[in-house]
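Reviewing the structure listed below.
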Amino acid sequence: MVTKQGAAAGIIVGVSTVAAVTLTGVTVGSLLPYLPEPVKDLNVGIIALFLNVVVTLAVSAATREPARRNLPLAAETV
C-alpha cells in the first residue's frame with residue numbers, strides 16, 4: 001500500500017511542516033481564524049500528520065508498480 005518513495009515524501013512534508021510552523025510561531029487559530037474554538041485549539045502537529053498521510057498516499061499511488069499477472073510458463077502449457 002505504501003512505497004518507499006511515498007514514505008520518504010510523507011516524512012519530508014511532515015517534518016518541513018513542523019519546522020516551518022515552529023520557526024514562524026503559527027497556530028491553527030491564526031491560520032484558520034473562522035474555525036470553531038475547539039478546532040483552533042488543536043496542535044499544529046495534527047496538520048502536519050494530515051499532510052504527511054495525504055502526501056504518502058498520493059506519492060505511493062503514483063510510484064506503485066503495476067500488478068503482475070501470473071502467466072503460465074511455456075513448459076507448463078505442453
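Using only Cα atoms and rounding to the nearest 10 degrees, what angle (0 to 90) does helix 45-63 make with the longest principal axis of the chain?
With rounding to tens, the tilt is 20 degrees.
So how tilted is helix 4-24 from the main axis of the chain? Cα-based, degrees 0 to 90, rounded to 10.
Once rounded, one gets 10 degrees.
Rolling a 1.4 angstrom probe over the protein heavy atoms, how many square angstrom per residue are accessible across the stretch 3-63?
For the stretch 3-63, the solvent-accessible area averages 65 Å² per residue.
Okay, helix-only estimate at 222 nm for the chain: each DSSP H run of n ≥ 4 adds -39500 (n - 2.57), divide by all residues, round to 500 deg cm²/dmol; what do you get?
Computed ellipticity for the chain at 222 nm equals -19000 deg cm²/dmol.
Work out, step by step, the length gained on full extension between residue 32 and residue 8: first 0.36 nm times the residue separation, then minus their alpha carbon distance; give nm to one decimal.
Full extension from residue 32 to residue 8 adds 5.8 nm.
For the chain, what are Rg and Dmax over the alpha carbons, in angstrom?
Final numbers for Rg and Dmax: 20.6, 72 Å.
The values are calculated or read from the model by the stated rules, or taken from the named source; none is laboratory data. Source: prediction; values computed, not measured. When the accessible area is computed, the model is the full protein with side chains, heavy atoms only, and any ligands, DNA or RNA have been set aside. Shrake-Rupley method; radii C 1.70, N 1.55, O 1.52, S 1.80 Å.
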